[in-house]
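Participant: Here it is, the structure in full.
The values are calculated or read from the model by the stated rules, or taken from the named source; none is laboratory data. Keep in mind that what you see is a predicted model, and the values were worked out from it rather than measured. Please note: Cβ atoms are built from the backbone with ideal geometry, for glycine as well, and neighbour counts cover all protein chains shown.
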Amino acid sequence: MVRQAGVTPWSSVETGAEAIVNLAASPALEGRSGLYFDGLREARADAQAYDAKARQQLRQLSLDLIGPASSKSKELNS
């Protein structure tokens, strides 16, 4: 998809896979959540990600775009 858009990838598939496997299976990350990673390196997300008002606006926009949840999806997410 990246190449189809005419963009040169920043990393290889192998490097990306290593980062994902690390996030899924690393004992050092067990029980930790809400973190942001740039590859294998823990990093800070864009400043807007830490802005409560921006997060609420994004949530509301997302809900507006997808419509109300069905009772079945509410049940599955409970």
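Participant: Out of all the residues in segment 1-20, which are part of a helix (DSSP H, G or I) and within 24 Å of residue 49 (Cα to Cα)?
Facilitator: 16, 19, 20 - these are the residues of segment 1-20 that are part of a helix (DSSP H, G or I) and within 24 Å of residue 49 (Cα to Cα).
Participant: Consider segment 1-44. How many of its residues are exposed (fewer than 10 other Cβ atoms within 10 Å of the Cβ), within 18 Å of the chain's Cα centre (by Cα) and among the polar types (S, T, N, Q)?
Facilitator: 1
Participant: I've got another one for you. Considering each of 69, 54 in turn, give the residue that is over 30 Å from residue 12 (Cβ atoms), at pLDDT below 90 and either not acidic (Asp, Glu) or not in a strand (DSSP E or B) (or both).
Facilitator: One residue alone meets the criteria, 69.
Participant: Scan segment 35-48 and tell me whether some residue there is assigned to a helix (DSSP H, G or I) and modelled with pLDDT under 95.
Facilitator: Checking segment 35-48: at least one residue is assigned to a helix (DSSP H, G or I) and modelled with pLDDT under 95.
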